[in-house]
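Here the structure comes first, spelled out in C-alpha cells, and everything after it is commentary.
The values are calculated or read from the model by the stated rules, or taken from the named source; none is laboratory data. Note that this is a predicted model, so its numbers are computed, not measured. All Cβ positions, even for glycine, are placed from backbone atoms using ideal geometry, and neighbour counts span all protein chains on display. Ligands, DNA and RNA are stripped out before the accessible areas are found, and what is left, the full protein with its side chains, is counted by its heavy atoms. Shrake-Rupley method; radii C 1.70, N 1.55, O 1.52, S 1.80 Å.
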Amino acid sequence: MQIIADNDRLPQGTTVATIGMFDGVHLGHLTLISEVKRIAAERGLKSAVITFAQHPQSVLRPDSDIEMLMTVDDKVAEIGRQGIDVTVLMNFTYELSLNNSRQFLQILRDRYGVAALVVGYDHRFGHDKTETFADYVNHGKELGIDVIKAPEYLGEYAPVSSSIIRRLIASGKVDDAMRCMGRPYTISGKVVHGFHNGRGIGFPTANVGEIPAQLILPHKGAYAVMVNVAGQWRQGMVNVGVRPTLENGPQLSVEVNIFDFDDDIYGLPITLQFIKFLRLEFKLGSIEELRAQLTRDRETSRKILSSLTK
C-alpha cells in the first residue's frame, strides 16, 4: 500500500476514494472500503482511503479531550490489511474546516486525483452541514467527480459507529465492541516495572506501560485477554484499575497475568486483545480472599479464551 502525506500529490483522475476518520476501522468502515475496491476494480483505477491525522473535534474543540480506538499508525496499517492501494494521511486544520463541500471536493480532485468519491450513507463533509447528498452529486458533476453513496452496513450489530464502540469500551462491554469492530479491541505498550505484588500471591503480572495517551481504556475491572509478548500469543487476564485490596495508591494501572508463563519480559513490547469483561474491581478483605478471587477469574478466563479456538 502506498501512503501519501498531506503535501504529496497524485495524478489527476487516478483514484476511487472515500474519506473519513476511520477510527477503529470497524465493520461499517469495511463495508465502505469494500465498495471503494469494487468500483476501483471496475474502472481500472486505484482504491484510496483519505483519512485524517487528527480527529476534527480535537482541532475544532481543543478541550473536547476525545479518546481514540487506534493510533494513527495502527489505523493506517489496518486499512492496508484491507487491500487498499493508497492511504492519504491528511492534516485536519481549522483552515481546512472552513471549506464548503464544493471546495473540499475540488481539493480532493486536485491533490489526490479523485475521479469518484464513495460517501458513507450518512456522511457529511464541508463547512455547510445542511447540504444533502444530492448537493454533493451536483458539485461533483461540475468538478468532474462521480459522487456515489455507499450501501449502509446492515450486519447483525448495526448500526455501527466509532462513537458507539467507544461507549461500549468505556462501559466494559468489550465483547460487544469486538462484534462491532470485527476483531478485539487492542492496546499495545511496553512491560515496565510495577509494584511486584502479584508474584507474592502466586499471580505474577506484567505491568503494561507506555500505552498511547490518546487511546481509550476499558472500564475499571478484570478482563479475559489474549496477550502477545516475545512474538507469541498467550491466554491471560488483566486488571484495569488501582488494585484496592493491595492499597497501592490512586494511580491507574494495566496489569496482566499471562497463564503458564513466567519469563522475564521487562522492556519488551506487549499487546492485549480484550475479549470479555469478568468483573468490576472491588476491595477484598484479605490477601487470601484476593488469591481465591484471582483463581476464580483465571478459571473463568480459561473457559472463555479456550472457546475462541473451538
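Of note:
- Subset tally (residues that are open to solvent by less than 20 Å² (accessible area, probe 1.4 Å) and either at pLDDT below 95 or of a type in the set (Gly, Ala, Ser) (or both)) for the range 69-96: 2
- Of the criteria (1) within 25 Å of Leu60 (Cβ to Cβ); (2) in a loop (DSSP other than H, G, I, E, B); (3) among the charged types (D, E, K, R); (4) open to solvent by 60 Å² or more (accessible area, probe 1.4 Å), which one Glu152 fails: (1)
- Within the range 251-271, tally of residues that are of a type outside the set (Asp, Glu), touching a residue at least 60 places away in the same chain (Cβ under 8 Å) and open to solvent by less than 60 Å² (accessible area, probe 1.4 Å): 5
- Hits in the range 167-183 (condition: assigned to a helix (DSSP H, G or I), charged (D, E, K, R) and either under 11 Å from Leu27 (Cα atoms) or in contact with a strand residue (DSSP E or B) (Cβ under 7 Å, 6 or more places away or on another chain) (or both)): Asp175, Arg179
- Any hit, the range 272-282, residues being modelled with pLDDT under 95, over 21 Å from the mean Cα position of the chain (by Cα), open to solvent by 50 Å² or more (accessible area, probe 1.4 Å) and of a type outside the set (A, V, I, L, M): yes
- Contact map, the range 10-39: first residue open to solvent by less than 30 Å² (accessible area, probe 1.4 Å), second residue of a type in the set (Lys, Arg), Cβ cut-off under 7 Å, separation 6 or more or different chains; pairs are Thr15/Lys46; Val16/Arg43; Phe22/Lys75; Asp23/Lys75; Val25/Lys75.
- Being open to solvent by 80 Å² or more (accessible area, probe 1.4 Å), β-branched (Val, Ile, Thr) and either at pLDDT 95 or above or part of a helix (DSSP H, G or I) (or both) is a condition met by at least one residue of the range 298-310.
- Among the residues of the range 117-132, those that are modelled with pLDDT under 90 and surrounded by 15 or more Cβ atoms within 10 Å (Cβ to Cβ) comprise Gly120, His123, Phe125, Gly126, Glu131.
- Every pair of residues 6+ apart whose Cβ atoms lie under 6 Å, when the first sits in the range 225-238 and is farther than 11 Å from Thr271 by Cα while the second is among the aromatic types (Phe, Trp, Tyr) and outside any loop (DSSP other than H, G, I, E, B): Val238/Tyr223
- Cβ separations smaller than 6 Å between residues 6+ apart or across chains give the following pairs from the range 163-186 residues that are more than 12 Å from Leu69 (Cβ to Cβ) to residues that are of a type in the set (A, V, I, L, M): Asp176/Leu168; Gly182/Leu27.
- Taking the range 43-114 as the region of interest, the helices (runs of 4 or more DSSP H) fully inside it that hold 2 or more residues being more than 16 Å from the chain's Cα centre (by Cα) and closer than 16 Å to Asp8 by Cβ are 101-112.
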